[in-house]
Amino acid sequence: MARTRNEKLAAVIKETGWSQHQLTTHVARVAGEHGMDELTSVSRSRISMWIQGSRPSDSAVRILCETLSRRLGRIVTPTQLGFAPIVRADPTGHGEWDVDVDSVAALVDLGDAHMDMNRRQALKTSAYSLAGGALPPHQWWNEVFERAQARKAVSRLTVTPAHVDGVREAMRFYSRQDQRLGGNAGRDALLAYIRSDVASYMSAVFPNEQVRRNFVTAAAELVYLAGWMAFDSSEHANAKRAFDLALRLSAEAGDAPLAGHILRAAAHQAVDLGHPTRAIELADGSVHGPRYSLASPREKALLGVVHARALAADQQKAAALAALRRAEDDLRNADGTEEPGRVFFFAEASLAHETACTLRDLGDLKGAETEFQRSVRTRALPIAARTHAVTLGYLGDVQVRQGHLDRACATWSTALDTMTGIQSGRVRDTVVRMRRALSPVRRRGGSTAAELDERAREMLRNVG
């Protein structure tokens, strides 16, 4: 079968200004630095074959990307060279946890403008996967950290504390957008910022180790947020992909509490998707060792309450209730304590919401109703409008399950009022569940239930 010429690779090589012979010389030099003797004698004819459509080995693609990145002063990824992303089989059984993954290239691919539409759509609609291990193996953390310390810059830009502050400011802005308007609001802009500015800074010069660690932590938080926004948009494969990359970056930064924060989000996703065993593994990891012990009290409370939800999903009642009590104690200790900006949203209302979900999953509907009501009563609006709408939806559900139809209809009516303008897959799912719960009682509820169902049907046309 005739090969198709790789125009992307040809264009990038042309951009370098190198001849094919010059490229082979530089590829050999970079391969030698990595001890890849099989690539130190790469020939001009092999370069020509790649341009004509042959697929290089994964090792060759990595070296080619690094060589071209150094020349151009920016990250060049396999996708940008017309090759599929490198996915290596992992003989340890830990799936994605390969120490050789290039996290800087992964930042570019997270929202790569060069990605063709078919692959972009496939990633958007692909299913959440349980393939591979939920947690990286023990030795992975140190190896990833050490490799990140040794990473060579490909641009001459020097990252300063001002660059770190810029990324943190972006985190604050987009996080508040997510809280108020939902995960679909601003996510494309966030991904573009990660692909351009954040990836560029990650490939630059760090003047010292502290600046490097601070910047990588800030980058990891932003990638985590992109994952959370994908989760809220019901794009679960994209969310998992971002959570995995954020966890890798937390390892590069040596930031254990941040790793716990990300594992907590992944556990939350697994609970919502009905995978209690995976959720417990992730949640257990989030509260293990320094991920919990070095976290601020507010973050400890957040990790603990999601741990409780995972245990409840597996019907481990005593352990779930104990985790709830510990989370309440941790949050009481949070006042006046210095804490990372990523936990700004977690206060009494959020704790009450997660507590209610835990009690609901344990079958305590009356207790769940009380906690959902406490969440509604104490939540700060309008900044947390998205979660407020979800809480009201859940509250109506536990009310109707207890036979309180009129009370549920009033709650759901308020929920629909709150949802206007929100772009969230989780909010949409709440409306779907609302209509499903109304279906068997619509006639018994009279005109009020019928009108509410019609409003819900209309809302589904507008919620992102």
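The criterion of at least 2 residues that are surrounded by fewer than 21 Cβ atoms within 10 Å (Cβ to Cβ) is met, among helices (runs of 4 or more DSSP H) falling completely within the stretch 148-243, by 161-181, 187-193, 209-232.
Across the stretch 309-334, which residue is surrounded by the most Cβ atoms within 10 Å (Cβ to Cβ) among those that are of a type in the set (D, E) and part of a helix (DSSP H, G or I)?
Among those residues, the one meeting the criterion is D330.
A quick yes/no check of all residues on (1) crowded, with 20+ Cβ neighbours inside 10 Å; (2) more than 23 Å from the chain's Cα centre (by Cα); (3) modelled with pLDDT of 85 or more:
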position: R55; (1), (2), (3): no, yes, no
position: S59; (1), (2), (3): no, yes, no
position: L64; (1), (2), (3): yes, yes, yes
position: T67; (1), (2), (3): yes, yes, yes
position: T77; (1), (2), (3): yes, no, no
position: F83; (1), (2), (3): yes, yes, no
position: A89; (1), (2), (3): no, no, no
position: G93; (1), (2), (3): no, no, no
position: D98; (1), (2), (3): no, no, no
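Of all residues in the stretch 330-363, those that are among the acidic types (D, E) and free of Cβ contacts under 8 Å to residues at least 24 places away in the same chain total 1. For the stretch 270-282, the criterion of being over 30 Å from R433 (Cα atoms) and assigned to a helix (DSSP H, G or I) is met by no residue. In the set L381, L351, only one residue is at pLDDT 95 or above and touching a helix residue (DSSP H, G or I) at 6+ places or on another chain (Cβ under 7 Å); that residue is L351.
Tell me the residue from G403, G367, G393 that is buried (at least 24 other Cβ atoms within 10 Å of the Cβ) and either free of Cβ contacts under 8 Å to residues at least 40 places away in the same chain or of a type outside the set (F, W, Y) (or both), please. Step by step, each of G403, G367, G393 is checked, and only G393 is buried (at least 24 other Cβ atoms within 10 Å of the Cβ) and either free of Cβ contacts under 8 Å to residues at least 40 places away in the same chain or of a type outside the set (F, W, Y) (or both). Residues that are farther than 25 Å from Q269 by Cα and in contact with a Ser or Thr (Cβ under 8 Å, 6 or more places away or on another chain) number at least 2 in the following helices (runs of 4 or more DSSP H) confined to the stretch 359-464: 405-418, 446-460. In the stretch 45-58, of all residues being out of contact with any Pro (no Cβ under 6 Å at 6 or more places or on another chain) and not in a loop (DSSP other than H, G, I, E, B), the one that is nearest to A150 (Cα to Cα) corresponds to D58. Counting only residues that are assigned to a helix (DSSP H, G or I) and either in contact with a strand residue (DSSP E or B) (Cβ under 7 Å, 6 or more places away or on another chain) or in contact (Cβ under 8 Å) with a residue 40 or more places away in the chain (or both), the stretch 1-44 holds 12 of them.
The values are calculated or read from the model by the stated rules, or taken from the named source; none is laboratory data. Note that this is a predicted model, so its numbers are computed, not measured. Note that each Cβ is placed from the backbone with ideal geometry, even for glycine, and that neighbours are counted across all protein chains shown.
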